[in-house]
Amino acid sequence: MTILDGKLTSQKVREKIKAEVDLIPEGVRHPGLAVIIVGDDPASHVYVRNKKKGCEEVGFLSREYALPESTTEEELLSLVEELNGDSEIDGILVQLPLPKHLDDKKIIESISPAKDVDAFSYHNVGRITVGDYDFLPCTPAGVMELLDTYGIDPSGKSAVVVGRSNIVGKPQALLLLQANATVTVAHSKTKNLAEVTKGADILVVAIGKAKFVTADMVKEGAVVVDVGMNRDENGKLCGDVDFESVKEKASYITPVPGGVGPMTITELLKNTLTAYKRNNK
């Protein structure tokens, strides 16, 4: 069994990004990322801090807009509009979830597709669907980068994605399909889920239930990628996969923490660099 080490892989990708940024001539602006966070969700604030840290590490300009819970939709749309026209900013990210009185879809759609480095807008989702894209959603892209780094080729393999969210499950299925895997998407309404997951050569789990996938649901020698981030009964971080039992059967497995998590922010940095290059052509 081999651990798919997201920390190490992420570090190598960041070093490549930094090396590119270091080549930017003096006096020429560096890539810029703006992150907007509304309200006081503690997990969101941790993510935003990590994004800021990632930007500093690779030499990006980073701007954070921490807005109060009471921010109106009009105020938020106005800020996004301002950033759409800001020549120092290549990527705009609105940290989800937003407070209930704000319309997520409306806010995401207001971001210029050329600066939508989360790749959540209808425009970018459509481009991903047909395989002609500039940016990929960060978590699924991180999963593909991990597979590639460890020489795992999905072509011709049976891949099962458990979860069908717009942020992870659906785009993950599309990317595996583009890599020539035969893809099944399973979810809360899937009958005989264990039978479905047992057929997977590559199993990606993103359902948000702590230690949900157990060893009896996994094929011997499968590649298991755990996208979950939960707390177990002792308050300890864990994934959607019961790591201790499943690692005995898997050929490759991601740990939580230290697997897919570090890759997500690294892919965001990669998308921002792509946007910068396009804007600076």
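The values are calculated or read from the model by the stated rules, or taken from the named source; none is laboratory data. These figures come from a predicted structure and were not determined experimentally. We place every Cβ from the backbone using ideal geometry, glycine too, and count neighbours over all the protein chains shown.
Listed values, structure above:
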read-out: Subset of segment 238-258 [assigned to a loop (DSSP other than H, G, I, E, B) and surrounded by fewer than 16 Cβ atoms within 10 Å (Cβ to Cβ)]; value: 248, 251, 257
read-out: Any chance residue 38 is surrounded by 15 or more Cβ atoms within 10 Å (Cβ to Cβ), over 16 Å from residue 277 (Cβ atoms) and either small (Gly, Ala, Ser) or modelled with pLDDT of 95 or more (or both); value: yes
read-out: Criterion violated by residue 274 - all others in (1) modelled with pLDDT under 95; (2) part of a helix (DSSP H, G or I) satisfied; value: (1)
read-out: Candidate set: segment 78-116, residues that are among the polar types (S, T, N, Q) and in a helix (DSSP H, G or I); chosen: the one surrounded by the most Cβ atoms within 10 Å (Cβ to Cβ); value: 110
read-out: Index of the failed condition, residue 51 passing every other in (1) out of contact with any strand residue (DSSP E or B) (no Cβ under 7 Å at 6 or more places or on another chain); (2) at pLDDT below 95; (3) not aliphatic (A, V, I, L, M); value: (1)
read-out: So residue 22, is it surrounded by 17 or more Cβ atoms within 10 Å (Cβ to Cβ) and of a type in the set (Asp, Glu); value: no
read-out: Top-ranked residue in segment 164-185 [being in a helix (DSSP H, G or I) and of a type in the set (A, V, I, L, M); ranked as surrounded by the fewest Cβ atoms within 10 Å (Cβ to Cβ)]; value: 177
read-out: Among residues of segment 41-76, those that are surrounded by 16 or more Cβ atoms within 10 Å (Cβ to Cβ) and part of a helix (DSSP H, G or I), counted; value: 10
read-out: Flag for residue 119 being closer than 25 Å to residue 263 by Cα, among the small types (Gly, Ala, Ser) and either assigned by TED's automatic domain parsing to the domain that holds residue 231 or in a loop (DSSP other than H, G, I, E, B) (or both); value: yes
read-out: Qualifying residue in segment 71-83 (condition: touching a helix residue (DSSP H, G or I) at 6+ places or on another chain (Cβ under 9 Å) and within 24 Å of residue 261 (Cα to Cα)); value: no
read-out: Segment 77-89 residues that are closer than 17 Å to residue 31 by Cα, paired with ones that are of a type in the set (Val, Ile, Thr) and at pLDDT 95 or above (beta carbon under 6 Å, 6 or more apart); value: 83/89; 83/92
read-out: Conditions (1) free of Cβ contacts under 8 Å to residues at least 24 places away in the same chain; (2) within 22 Å of residue 125 (Cβ to Cβ); (3) polar (S, T, N, Q); number of the one not met by residue 234; value: (2)
read-out: Condition check for residue 143: buried (at least 24 other Cβ atoms within 10 Å of the Cβ), of a type in the set (Val, Ile, Thr), touching a residue at least 24 places away in the same chain (Cβ under 8 Å) and not in a helix (DSSP H, G or I); value: no
